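The values are calculated or read from the model by the stated rules, or taken from the named source; none is laboratory data. No experiment lies behind these values; they were computed from the predicted model shown. Neighbour counts are summed over all protein chains in view; Cβ atoms, including those assigned to glycine, are modelled from backbone coordinates with ideal geometry.
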Amino acid sequence: MNFLAKLVKYVDAKRQAAVSYLGTPQDIGVLLPYGMHSSPPAGAVFVVLPMSGRASDAVGIPNASWLRKLELKPGEMYVGNDVAGTRILFKEAGGIEVLATADVVVHAPRGAVVNGDTTVNGNAVINGDTDITGTLKVAGVVVNGHVHANPEGGNVGPME
């Protein structure tokens, strides 16, 4: 028995997919893993499971592996939008790689914490107050604790 179907139309609100299964158009329920939600692209392949042994009671699991061009190493996995080319890749050595083709927005009403050294390649804009504990360097010059010679004598600084 053939267990593959091709998506014709996906109705997200009903978790229903109109597929071509065994040469016949058919509406089937869609199974997704807990916590996952997706809207499969047109032409996605579904693995079809006839729940009672009859095609009329089938549910499907979407699989768009034909879109995936990423070679994964053993132990790696990713969640992504293969149509847009965005993904979160969980690397085999424990790292996480995020690839976005548009803006990345984080909503954290109680704040966000990054533990570890952080590098920003590109411009940065900070809207709001900034508290810095530790050394602040601007263009390689230490700003906090930095002193200048006062033309009237002595030094001026550090900045307070």
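Considering only residues of region 1-17 that are assigned to a loop (DSSP other than H, G, I, E, B) and not hydrophobic (A, V, I, L, M, F, W, C), which is surrounded by the most Cβ atoms within 10 Å (Cβ to Cβ)?
R15
Condition first: surrounded by 10 or more Cβ atoms within 10 Å (Cβ to Cβ) and at pLDDT 90 or above. Can you find one or more residues in region 100-121 that meet it?
Yes; the residues of region 100-121 include at least one that is surrounded by 10 or more Cβ atoms within 10 Å (Cβ to Cβ) and at pLDDT 90 or above.
Among the residues of region 69-79, is there at least one that is more than 25 Å from L7 (Cβ to Cβ), in contact with a strand residue (DSSP E or B) (Cβ under 6 Å, 6 or more places away or on another chain) and of a type in the set (F, W, Y)?
no
Just checking: which of the strands (runs of 3 or more DSSP E) contained wholly in region 18-128 hold 1 or more residues that are of a type in the set (K, R)?
Fully inside region 18-128 and qualifying: 86-90.
Please go through region 122-160 and give me each residue that is among the hydroxyl-bearing types (S, T, Y) and either touching a helix residue (DSSP H, G or I) at 6+ places or on another chain (Cβ under 6 Å) or at pLDDT below 85 (or both), ordered by number.
The answer is none; no residue qualifies.
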